[in-house]
1. Please give the number of the condition Asp337 fails out of (1) assigned to a helix (DSSP H, G or I); (2) free of Cβ contacts under 8 Å to residues at least 40 places away in the same chain.
2. So, in the range 252-290, of the ones that are assigned to a loop (DSSP other than H, G, I, E, B) and either surrounded by 22 or more Cβ atoms within 10 Å (Cβ to Cβ) or of a type in the set (D, E, K, R) (or both), which residue ends up nearest to the chain's Cα centre (by Cα)?
3. If I filter the range 48-92 down to residues being over 23 Å from Asp128 (Cβ atoms) and charged (D, E, K, R), which single residue comes out as most open to solvent (accessible area, probe 1.4 Å)?
4. Out of Val135, Val176, report the one residue that is at pLDDT 95 or above and either open to solvent by 10 Å² or more (accessible area, probe 1.4 Å) or out of contact with any Asp or Glu (no Cβ under 8 Å at 6 or more places or on another chain) (or both).
5. Kindly evaluate Ser394 against the criterion of being buried (at least 19 other Cβ atoms within 10 Å of the Cβ) and of a type in the set (Gly, Ala, Ser).
6. Filter the range 136-156 down to the residues that are within 18 Å of Asn348 (Cα to Cα) and either of a type outside the set (A, V, I, L, M) or free of Cβ contacts under 8 Å to residues at least 24 places away in the same chain (or both) and list them by number.
7. Do we find a residue being modelled with pLDDT under 95 and either within 20 Å of Leu14 (Cβ to Cβ) or in a strand (DSSP E or B) (or both) anywhere in the range 303-317?
8. In the range 98-117, which residues are touching a residue at least 12 places away in the same chain (Cβ under 8 Å), over 26 Å from the mean Cα position of the chain (by Cα) and part of a loop (DSSP other than H, G, I, E, B)?
Amino acid sequence: MITNIPFGEKYAGLSIFEPSEGTLVVVPSLSLPQDELRRITAARSYEERLLFLLLTLREPGVKVIYLSSAPIDPDIIDYYLGFLPDPDDAAKRLELISLDEPWSQPLTRTLLRRPDVLDRLRSAIDADTWLVPFVLSETEEELAASLNVPIYGPATALAYYGSKSGAREVGHEAGVPMARGFGDVHSIIAIDEAIDSLPGERVIVKLNDGYSGLGNAIVDKADRSLTRFSAAGETWTSFTTKIRERGAVVEEFIEHRPLYYPSALARITPGGHAAVLATHDQVLGGPNNDVYQGCTFPAAPEYRHEVGESAARIAGILAERGVVGLFGMDFFALKADAGYAALLCEINLRIGGTTHPYGAVVLTTGARYDPVTGLLMAGDQPKYYTATDNCSSSCLRGRTPGEVMRTARRLGIGFDADRRTGNVFHLLGAIPEYGKLGFTSIGDSREEADELHALTRRLLCDA
């Protein structure tokens, strides 16, 4: 068993969004079930989601080492360093290490088989270094142990609390409402019993370790042949095989309409301090409308407070269990007799889809979250944003990231440093082959952020 290296008192209050010194070893490895990952277009480019951490180089005492499976286009690096007051000085404190093996996944597993790269990595780190993984698995723990550095993330010994079944356990302990259901289901008999025990004509079955909604299935109780899978190509036979191997939850399908899908982003410092950082409304798509596409900040005022309060209670429980790092919580929100109710859907005990939009906004605008109002405040000005991971068009395919960024500047849809509004782009490495990118549109109002977002989609495809 690998024992994680402790942070020590010096970094008890560490936040990766605002380090004042030290070295971040960013490991954006997609150490997730690969069968579902292969269904995401340009999945490997999701290693670039954490490039917003290059903006921490604003502080002269910070160094960043960024790992990747394939070399990152220099124009992408220049784009991020261009947000900083002294890009040349920041570049001296940035080390990019590529394995040059884009076909070999996940990144960390490949890295552990490359002693040459490990030696280079060891020579680049110093005493005040920590690992920042996209998702934490045993391979990331093995890497951290070999480097003798602590990990800014939850230990794998606590991974159960980030599973669908573990989330139900934590939700019960925190006193947070949830849909009726059953956790830790592993057998066909248990699935059938759970389905028959729940009310309604449909139920939802979710793999314990599914992500982005791709591990979900909506089951028609009267006719199983009508089961709708979120992942393309899934069958009941293949799905139940995964259930036996990985476990699942079976929950009532919430038929209430309108139904909203807010989430919360939280952080627990190495010293055990828990805080909610933001609430979002998720933008979902896919055949079952449960696959993550993007988000808007903040969550709607009708249920923002309920989501934030529930998230704070859950974060407190996880802090007591020893969790460290960033994580997300997904909710359902629906109109109740007195106001709105927020039901816990799942806990994602890792960096998730709302992390990089949030990080991009706070690191470019300097905004800080006000837990009372649920707003991000840059001085006296609240900031709003709309983000997507899924802007794609055939007209973008074949173009370079540099070309697209120059087009964005020419069209006036870049970032305005004076107003601290505009777009921050990501997933730029997916443009040439897939015509796909993501961006976060920042405004001084909900309307401004949404209008800029819609305008950017139109202009990038028409330019």
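The values are calculated or read from the model by the stated rules, or taken from the named source; none is laboratory data. Please read all numbers here as calculations on a predicted model, not as lab measurements. Glycine gets a Cβ as well: all are built from the backbone with ideal geometry, and neighbour counts include every protein chain shown. Ligands, DNA and RNA are stripped out before the accessible areas are found, and what is left, the full protein with its side chains, is counted by its heavy atoms. Shrake-Rupley method; radii C 1.70, N 1.55, O 1.52, S 1.80 Å.
1. It fails just one condition, (1).
2. Only one residue tops the list, namely Asp290.
3. Here the residue is Asp88.
4. Val176
5. Values: buried (at least 19 other Cβ atoms within 10 Å of the Cβ): no; of a type in the set (Gly, Ala, Ser): yes.
Against the criterion (buried (at least 19 other Cβ atoms within 10 Å of the Cβ) and of a type in the set (Gly, Ala, Ser)), Ser394 does not qualify.
6. Pass one, the range 136-156, residues within 18 Å of Asn348 (Cα to Cα): 136-138, 140, 151-156.
Answer for the range 136-156, where residues must be within 18 Å of Asn348 (Cα to Cα) and either of a type outside the set (A, V, I, L, M) or free of Cβ contacts under 8 Å to residues at least 24 places away in the same chain (or both): Ser137, Glu138, Glu140, Tyr152, Gly153, Pro154, Thr156.
7. Checked the range 303-317: no residue is modelled with pLDDT under 95 and either within 20 Å of Leu14 (Cβ to Cβ) or in a strand (DSSP E or B) (or both).
8. Listed by number, the list holds a single entry, Arg114.
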